Amino acid sequence: ILNVEQSPQSLHVQEGDSTNFTCSFPSSNFYALHWYRWETAKSPEALFVMTLNGDEKKKGRISATLNTKEGYSYLYIKGSQPEDSATYLCASYSGTYKYIFGTGTRLKVLA
Amino acid sequence: NAGVTQTPKFQVLKTGQSMTLQCAQDMNHEYMSWYRQDPGMGLRLIHYSVGAGITDQGEVPNGYNVSRSTTEDFPLRLLSAAPSQTSVYFCASSRLTSGGEETQYFGPGTRLLVL
């Protein structure tokens, strides 16, 4: 079983601050890295799927980068808003049809 | 388009009882999976299926059984419920790919309490 780690576990930021989180995954047998946004009492929703080293993806104020050689991905949120408050999950896929999830970073944006 | 649906939303069981958590999707996805979510543990894969008639074990399969008789449905059976199976269960589906680049769509979850 692969280990996928996310840091920090939780984060409080002020509205308007920019922030970033880290997802670390084993770099061997890497195929894809997924980021999800998970709001309380809802189900995870996909943000990005990244496959190539150096990939950068962007959706509005949220962006992500991928380094497959060293096994990490960063998720950035620019100008955080209260509606960005959620848990952000990453999941690594290394073939064999199994996704391994990290424990998530819980973000709280204070108005 | 309903996406991924799960029933029931909430269930209370007594130790030793059995039950089936239902999951259905209307997106014609080949890949379906079951996860459990426990505090501090993230989502852990229980079982998955790559098509009708094909299932396999994930990270935490003990105490659970699955079958996939149709593309749409992927029920999860608890054979003899134990308090350790108290959790929130999520079903997910996606198109099948060997590269893992397809997005998984999650159902709303089933909250299970085993007394």
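The values are calculated or read from the model by the stated rules, or taken from the named source; none is laboratory data. Predicted model, so just to flag it, every value in this text is computed and none were measured. Note that we place each Cβ from the backbone using ideal geometry, even for glycine, and neighbour counts take in every protein chain shown.
Listed here are the residues, each with its yes/no results for (1) within 13 Å of chain B (Cβ to nearest Cβ); (2) in a strand (DSSP E or B); (3) within 21 Å of B:GLY107 (Cα to Cα); (4) at pLDDT 95 or above.
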site	(1), (2), (3), (4)
A:PRO26	no, no, no, no
A:PHE30	yes, no, no, no
A:ASN53	no, no, no, no
A:LYS58	no, yes, no, yes
A:SER63	no, yes, no, yes
A:GLY79	no, no, no, yes
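Taking the listed residues B:LEU76, B:LEU96, B:LEU113, the one that is among the hydrophobic types (A, V, I, L, M, F, W, C), within 14 Å of another protein chain (Cβ to nearest Cβ) and in contact with a strand residue (DSSP E or B) (Cβ under 8 Å, 6 or more places away or on another chain) is B:LEU96, with no other qualifying. Across region B:74-91, the qualifying residues are those that are surrounded by fewer than 16 Cβ atoms within 10 Å (Cβ to Cβ) and not basic (Lys, Arg), and the one among them that is nearest to the chain's Cα centre (by Cα) is B:LEU79. Residues that are within 11 Å of another protein chain (Cβ to nearest Cβ), modelled with pLDDT of 95 or more and not in a strand (DSSP E or B) within region B:20-46 comprise just one, B:GLU30.
Against the test of being in contact (Cβ under 8 Å) with a residue 60 or more places away in the chain and more than 14 Å from every other protein chain (Cβ to nearest Cβ), the options A:SER85, A:SER18 yield a single qualifying residue, A:SER18. Looking for something touching a residue at least 12 places away in the same chain (Cβ under 8 Å), in a loop (DSSP other than H, G, I, E, B), more than 23 Å from B:ALA2 (Cβ to Cβ) and within 14 Å of chain A (Cβ to nearest Cβ) - is there at least one such residue anywhere in region B:47-56? No, that holds for no residue. Would you check if there is a residue in region A:92-106 being more than 23 Å from B:SER94 (Cα to Cα) and touching a Ser or Thr at 6+ places or on another chain (Cβ under 8 Å)? There is at least one residue in region A:92-106 that is more than 23 Å from B:SER94 (Cα to Cα) and touching a Ser or Thr at 6+ places or on another chain (Cβ under 8 Å). Applying the set (1) closer than 19 Å to A:SER94 by Cβ; (2) surrounded by fewer than 14 Cβ atoms within 10 Å (Cβ to Cβ); (3) more than 10 Å from every other protein chain (Cβ to nearest Cβ) to B:ASN62 leaves exactly one unmet item: (1).
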